[in-house]
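Colleague: For reference, the structure I am asking about is given below.
The values are calculated or read from the model by the stated rules, or taken from the named source; none is laboratory data. All figures in this text were calculated on a predicted structure; none of them were measured in a lab. Cβ coordinates were reconstructed from backbone atoms using ideal geometry, including for glycine residues, and neighbour counts include every protein chain displayed.
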């Protein structure tokens, strides 16, 4: 009986030891929390925020602390959203947007907002409508980068209390209704026609200017040639006058008589009729020329 009692006591002690070991193992397992690199764990104690566990091995108090939320800190993209907006010049447009964000402070995100995606989408829609309402359609089309920057800045301010960082906001497309699109197409065609007419008119004007420049250049060259000829004639006259002044009138008369004789000789040497009819005054002139030539020993 004593041996049996001892065995029972020993078995009881072993069971307690085993149960204690199991309890210790369970406590260790509950106390150790391994957080992935892309997550953060929000720990509560008796329903209140206790701490936020970062990536790696973390320890909590078993049975008192519990991981209430596992939050991914990877960048997220909201589903593409489309909302209607009216520009300042009363044009209805449909704007398609996309927003990227990531959670920086999970404790603020899980305790201040229930559906963070829906909240951001609603905020973006309101900001887009407000911003487009202050711009005309042409500004929306041409200043899209500026519009995106404004939307991103205002969304960041709106979601700052939720522990969220907006990494990027995009306007994917701005669609118009059919009536507005047709009117813009007509306006574009009219503008193209106007530009073509202006280009054609400018070309005709340029052609007239070039023709006028060409005529002016030709006139200047003609005047220049005439001026050169006049200068040459004046120079020849000056040379003759200087020769007369230096050698006297007799030298000039001698040269004239020589030219007359040479002309008569050339006329007589032509083929055909050998009869030459010369005016009486010319004969007197030739006589004077012969006398001068004879006097010079010609």
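Colleague: Checking the conditions here, which among 67, 61 is at pLDDT 90 or above and in a strand (DSSP E or B)?
Modeller: On the way: 61 fails: in a strand (DSSP E or B).
After ruling out the rest, the residue left standing is 67.
Colleague: Next question. Only one of 176, 216, 185 is at pLDDT 85 or above and over 30 Å from residue 42 (Cβ atoms). Can you tell me which?
Modeller: 216
Colleague: Next up: Can you tell me which of 127, 151 is modelled with pLDDT of 90 or more, closer than 21 Å to residue 82 by Cβ, touching a helix residue (DSSP H, G or I) at 6+ places or on another chain (Cβ under 9 Å) and in a helix (DSSP H, G or I)?
Modeller: Details: 151 fails: modelled with pLDDT of 90 or more.
Answer to the check: 127.
Colleague: From the list 61, 43, which residue is buried (at least 17 other Cβ atoms within 10 Å of the Cβ) and touching a residue at least 24 places away in the same chain (Cβ under 8 Å)?
Modeller: Numbers: 61 fails: buried (at least 17 other Cβ atoms within 10 Å of the Cβ).
Of the residues listed, the single one that is buried (at least 17 other Cβ atoms within 10 Å of the Cβ) and touching a residue at least 24 places away in the same chain (Cβ under 8 Å) is 43.
Colleague: OK, next. On the basis of being in contact with a strand residue (DSSP E or B) (Cβ under 7 Å, 6 or more places away or on another chain) and under 30 Å from residue 180 (Cα atoms), does residue 31 make the cut?
Modeller: Here the answer is no, as residue 31 does not meet what is asked.
Colleague: Take residue 97 and tell me if it is in a helix (DSSP H, G or I) and under 29 Å from residue 167 (Cα atoms).
Modeller: no
Colleague: Can you tell me which residue among 132, 164, 148, 171 is surrounded by 14 or more Cβ atoms within 10 Å (Cβ to Cβ) and without any contact (Cβ under 8 Å) to a residue 40 or more places away in the chain?
Modeller: The match here is 148.
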